[in-house]
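Encoded as structure tokens, the structure appears first; notes follow it.
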Amino acid sequence: MRIGRITRFRTKVLLSIIPMILALCVLFGGMSLYQHNRLLHSEFVKRGKALASNLAASGELGVFSEDERLLNAALRGITGEEDVAYVFIYNDVGKRLIGGGKALTQPGLAPTTETLNHEIRARMLTDRQPASRTVTEAGTESFLEFYAPIVSAEVRLVEEQYFGMPRSTRGLSEDRSRVIGIARVGLSMRNIDAHSAYLIKLWALLSVVFLAGGALAAYALSRRITQPITRLTESAARMAEGQIDQEISVDSRDELGTLATTYNEMAKALTRTLDERARVARELRDLNRSLEDRIRERTSQLEETNRDLSRASRHKSEFLANMSHELRTPLNAILGFTELIIDGIYGQVPDELRESMEDIRINGRHLLRLINDVLDLSKIEAGQMRLNLGEYSIQSLIDSAISATRSLAAEKRLELVAQVEADLPPALGDSKRMTQVLMNLVGNAIKFTPGSGSVTVTAKSVSSSEFQVPSSQPETRNPKPETPKSPDFIEISVADTGIGIPAEELKSIFSEFRQVDSSITREYGGSGLGLSIAKRLVEMHEGSIWADSQVGKGSIFYVRIPLRTQWGG
Amino acid sequence: MSLLTSRFTSFIVAACVVVGAMVCASTSGEAAKIIALKSADVDVYNEALEGFKNGSHGSTVIEYDMEGDLQKGKKFLARLKSGSKPDLILAVGIWALQIVAEEIQDIPVVFAMVLNPTTVIGQETRNITGASMNVPIEQQLALLKKISPHIRRIGVIYDPSKTGWLVKQAERLAKDQGIRLVTKAVTSPKDSFTALDAMQDEIDALWIVPDLTVLAPESVQYMLLFSFRHKIPVLGLSENQARMGALLGLSFESGWDIGSQAAELASGILSGKSIQEIPFTTARKTRLTVNLKSAGKLGVHIPKEILERADVVIR
């Protein structure tokens, strides 16, 4: 492709120069040839005319006397001349007086040339001007003929030998010169034709030589131009292939030399730029590598920390789970023996001991509850909690919770009310865990409600559409009788008239170890884990738990669980 | 211009004729009336006229230029004859003499500047005489003899109808001087070539006579050529021929001189001499031209005497 392009340039140069040379050769050669031929011809004609005129002048005596000797003498000078083929002298009536020349001795010349053309004779007699004409002799040889009149001055008066007589007036003094004969000179065109042919040959030869020379020169010139370009192209190609450090030897001071110099400078600049870029890239790469190393280091540190942390957390949970169990065993023993003592199995308990024994039992139970809570939470966190699914009755669930807490409510003189919707279908779930949730909520309500307040536990069934689209569907308020409600959820609420929870605390009450105020723990007791465990248990049932509250007026805790829990835990 | 001049001249002539007639009538015999008829307006003719006027004091000379036109001259002469006759007519030049000889028989006529007058004037003419341009033959022969004592045979080519009389005279005169004249008579110009060639071994010098037949330019050219080829000196007619290559050229000296010669003849006639007693004259003074270049080529030594005598020497 590259070579092709260069070849094409060379061809272009050749193609543009050769026609030029050819045109010049043809033009100048043709012109000079034409000029030369014309000059030659005109010289030839001039010479012929001069010869004829000369012959006419020198032949005057001969024609006048019609003396052969004089005529021969007149002819002698001219017949030896180059190119003169034949010479004739005629008298005024056209009679041939004498003839001579090389052509007459040749056998080919037709005798017709010897007679004088009448027309020419008449012209000579009247015009008295030299004339010429071309004669082609039977296609073999052509001649250029020249005619000149031989004029003689007539003398009418001897006086004219002494003085000039007037010649303007009529009568005796008219023009007294007359044509007494005609000189005819035939010049052979052989030499001039040969010369012309030679010139044409020479011209053709020179044209060929010039053409060849011009082509060679053009080739050399284009080579001189294309060679540096080729070198440049090759260098550029190598550069394109990545060998940036190219240098072209500069051996001329013309535009190409400048180009090469500029190219070299460009290559150097390019090399510098590329080096710079490579350096920057290297630095960047190093920086990247160190950064990656640091990140990896940090990540591994973090992972390590994370691992340690999760290990610690697991250990903590395992520890807690184990510990709770280990704690419960001796505590149960304590509680069991205490109850046995109080129940008088080991004999009558003295009255002064009974109260202390009761304290032991109460605190022991409290401790057990705390331990159970911690155990549950850690079980849940350790992922060891499993729901024990089974059908149960919501009514009996609430009833058992009420009966378990009635004594507590009675102690504080609280009204404890249960409002359970009639005909609730049996629910599927872990009744034990749901009881735990309900107990927690009711216990809390009793705990945080001052005397003569009330705690109301409500249970009702809720269809999914009812809470999914609470207000936008007016039909749901007046449901049509033919579409019987199919309850999907059970909603249990525990309302109290207690101290209430501030709005900003309402969201965080389900977090672990949180009560509304740390001071509350001191005042009301409790581990602070109850709500957290309740929330986890409800969520395990795929339900939700939330609360509404007004400070000073009371709180309502809602639990909504699916009627039939699908997930086993 | 020439037309204007001619008209003007005619008017003057006419006026003069009238005035002259009146003068003649009132003062008879006091001043002779001469009509001068000029052949053409040529310098030499004008000179001759001046010379004539100069030599004829007391005569009234009335000029008329026929401008080389014979018809015009004849018309003038007819007018002249019808009026009062002049005492003498001067014919200057050959053409004037030709018509005067034809037309005028009863008026005395003197000619001037005419060559070979006998060819124009008939034998029986009685009223004409004059001064010819011819150079005396004896002078020419003597000149050739003086060039070299070896010159004994002189060649002459002539046309008997033109210069037969001259050659006859010359033969007689030559005999007196001990010279033999070798003559060849020709009748056409081209004969002169062969005639000349024929006499190349018979002559020591060539004498060109004023013969029209012989004087064609080619013939003169050939004679001069002949002269150089055969080393034969040529005596030419004029300075012109000497310049062309003739060794010598002998001619009349000037028109003025011929004119004054004619004036002398006229005064003789007017004073009562019979014309028949007055012969034609030849040039009294001659003009000699010597071509020394030709002399060198011909190997001829020109005597000092001749060189001193020569009016023009071409070196």
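General observations
- For A:Ser356, A:Ser461, order by how many other beta-carbon atoms lie within 10 Å, fewest first: A:Ser356, A:Ser461
- Beta bridges by DSSP in the protein assembly as shown, antiparallel share as percent, to the nearest 5: 55 percent
- Gain upon complete extension [A:Leu287, A:Leu353; 0.36 nm per residue less C-alpha separation]: 15.8 nm
- Eligible lysines near B:Lys175 by straight Cα distance, threshold 20 Å, same-chain separation 8 or greater: B:Lys145, B:Lys146, B:Lys184
- All lysines inside 16 Å of A:Lys412 as judged from Cα atoms, apart from same-chain residues fewer than 8 positions distant: A:Lys447
- Seen against the Cα atoms of chain A and their longest principal axis, helix A:190-240 is set at about 20 degrees.
- Note on B:109-117: average number of Cβ atoms from other chains within 10 Å of each residue's Cβ is 1.
- Split chain A at each of the chymotrypsin sites (Phe, Trp or Tyr not before Pro) in a DSSP loop with at most 11 other beta carbon atoms within 10 Å, and the longest piece is A:1-345.
- For the peptides B:170-178, A:283-291, A:51-59, the ranking by mean Cβ contacts within 10 Å, running from highest to lowest, is A:51-59, B:170-178, A:283-291.
- Ignoring aspartates and glutamates fewer than eight residues from B:Lys33 along the same chain, the ones with Cα atoms less than 12 angstrom from its Cα are B:Glu63, B:Asp87.
- Cβ charges +1 (Lys, Arg) and -1 (Asp, Glu), total dipole of the protein assembly as shown, debye: 3620 debye
- Calculated diffusion of region B:118-200, Stokes-Einstein form, Kirkwood radius summed over Cα pairs, 10 °C and 1.306 mPa s, µm²/s: 110 µm²/s
- Footprinting exposure proxy ranking of A:Met31, B:Met113, fewest other C-beta atoms within 10 angstrom first, gives A:Met31, B:Met113.
- Subset of B:Lys74/B:Lys162; B:Lys162/B:Lys273; A:Lys379/A:Lys460 violating a 26 Å alpha-carbon distance limit: B:Lys162/B:Lys273; A:Lys379/A:Lys460
- Neighbouring partner chain Cβ atoms per residue of A:60-70, average, 10 Å criterion: 5
- Extension gain for A:Ser544-A:Arg564 works out to 5.8 nm (0.36 nm per residue, less the C-alpha to C-alpha distance).
- Where labels lie 7 Å past Cα in the beta-carbon direction, separation of B:Lys285 and A:Arg296 in nm: 15.4 nm
- Partner chain coverage, peptide B:209-216 - average Cβ within 10 angstrom: 4
- Antiparallel bridges, percent of DSSP beta bridges restricted to chain B (to nearest 5): 10 percent
We did not get these values from a lab; they are worked out from the coordinates using the rules stated. Here the structure is a predicted model, which is why all the values come from computation and not from measurement. Backbone-built Cβ (ideal geometry, glycine too); neighbour counts: all protein chains shown.
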